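Colleague: Quick one: the structure is below, and I'll ask about it shortly.
The values are calculated or read from the model by the stated rules, or taken from the named source; none is laboratory data. Nothing here was measured: the structure is a model prediction, and the numbers come from that model. Backbone-built Cβ (ideal geometry, glycine too); neighbour counts: all protein chains shown.
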Amino acid sequence: MTQAPPNSAAPASFEDWANIYTQLKAFSHPSELHGGLCGRLAAGARLSDQQWHEVASEQIGVPCHTLEGSETVKDFLQAVYQETLQQLQAADMSFRPLLPDDEYDIDQRVQSLACWVRGFLEGMAVAASGSLGAASQELREVIEDFVAISQVSDADGEGEESEQQLMEIAEYVRMGALSVFTEFNPPSKQGQPTLH
């Protein structure tokens with residue numbers, strides 16, 4: 001799974017995110033921030049630039065003025081917010097969680113997936129805490145599965161079977177995130193900016 005080179009039409013790759021994190025000397029994980037954004041958007045929240053910068057600065061571990069002081073970082077955050085929302089809304093279901101590609105060690109990819117899911121759960125809890133109790137049984141099962149996935153720390157060995165298992169779990173997470181988005185964002189609401 002190779003990432004497209006960054007340009008105006010291609011979504012930001014894991015490497016693009018990692019470069020921003022390196023620039024900011026962040027200790028946290030890019031997948032966790034992307035998951036947090038996806039969780040908020042999937043649960044129906046829409047963030048102003050200021051709200052998104054606050055979420056990002058808290059998760060990255062740098063003051064908000066540090067993010068806002070860099071045009072590169074501000075432009076990057078603006079672009080990833082828009083592209084993430086568009087991917088979640090896309091009829092072709094092309095949305096993908098932000099994860100490193102196959103060139104990374106399998107344990108790193110497993111940890112990244114767990115980080116993404118942790119971020120997603122946290123973002124969803126923040127945005128939909130009042131309505132999660134009324135969620136469908138299907139959605140509750142997805143959330144329970146996500147909690148279990150978020151606690152995985154490494155792969156069960158290496159090799160083709162582990163790769164296949166990781167691919168299946170990543171696909172389950174992708175579809176689970178889309179099902180959360182569908183539940184909390186009826187078609188008539190998807191185009192409306194609602195702030196929470």
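Colleague: Which members of the range 65-98 meet the condition of being outside any helix (DSSP H, G or I) and either at pLDDT below 95 or closer than 15 Å to E54 by Cα (or both)?
Modeller: Once the filter is applied, which keeps residues that are outside any helix (DSSP H, G or I) and either at pLDDT below 95 or closer than 15 Å to E54 by Cα (or both), the range 65-98 yields G69, S70, A90, A91, D92, M93, S94.
Colleague: Hey, another quick one. Would it be correct to say that I60 is in contact with an Asp or Glu (Cβ under 8 Å, 6 or more places away or on another chain) and more than 27 Å from S131 (Cα to Cα)?
Modeller: no
Colleague: Report whether or not F120 is under 24 Å from S28 (Cα atoms), surrounded by 19 or more Cβ atoms within 10 Å (Cβ to Cβ) and in contact with a Cys (Cβ under 7 Å, 6 or more places away or on another chain).
Modeller: yes
Colleague: Next question, about the same structure. Could you tell me which of the residues G35, G39 is modelled with pLDDT of 95 or more and either part of a loop (DSSP other than H, G, I, E, B) or touching an Asp or Glu at 6+ places or on another chain (Cβ under 7 Å) (or both)?
Modeller: Within the list G35, G39, the selection yields G39.
Colleague: Looking for whichever is exposed (fewer than 15 other Cβ atoms within 10 Å of the Cβ), hydrophobic (A, V, I, L, M, F, W, C) and outside any loop (DSSP other than H, G, I, E, B) here; the options are A114, A127, A148. Which one fits?
Modeller: A148
Colleague: Do you know which of the residues in the range 154-179 that are among the charged types (D, E, K, R) and without any contact (Cβ under 8 Å) to a residue 12 or more places away in the chain is surrounded by the fewest Cβ atoms within 10 Å (Cβ to Cβ)?
Modeller: E160
Colleague: Given the criterion without any contact (Cβ under 8 Å) to a residue 40 or more places away in the chain and surrounded by fewer than 19 Cβ atoms within 10 Å (Cβ to Cβ), identify the matching residue among H65, H53.
Modeller: H65
Okay, residues lined up against (1) more than 24 Å from A56 (Cβ to Cβ); (2) in contact with a helix residue (DSSP H, G or I) (Cβ under 8 Å, 6 or more places away or on another chain); (3) among the aromatic types (F, W, Y):
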residue	(1), (2), (3)
A90	no, no, no
Y104	no, yes, yes
V117	no, yes, no
A125	no, yes, no
G133	yes, no, no
